[in-house]
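All of the numbers you see were taken from the coordinates with simple rules; none came from a lab. Owing to the predicted nature of the structure, the values given are computational and were not obtained by experimental measurement.
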Amino acid sequence: MPIYEYRCKKCGHEFEQLVIGQDCPACPECESKEVCRLMSCCGFVSKGAGGQTITSSASASSCSGCSASSCAGCGH
């Protein structure tokens, strides 16, 4: 079951929600069902030849939710 990111069209609040099937979440701030799904970045860390760490560019940049340099740094 995927976790999607949403933005409320009514109040502008951004949130994440675990979605089952075709469920449409409500905003946790104002309870509006008028939300749009945001494009999410994904990243990975892999061990390359010779044990080098390879990091995707998406995970190397900081997310809008914190000031850490990667999601591993802030726990997201």
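Straight Cα distances below 29 angstrom link residue 33 to the lysines 9, 10, with same-chain residues fewer than 8 positions distant left out. The gain in end-to-end length when the residue 32 to residue 20 segment is fully stretched comes to 2.5 nm, 0.36 nm per residue minus the alpha carbon separation.
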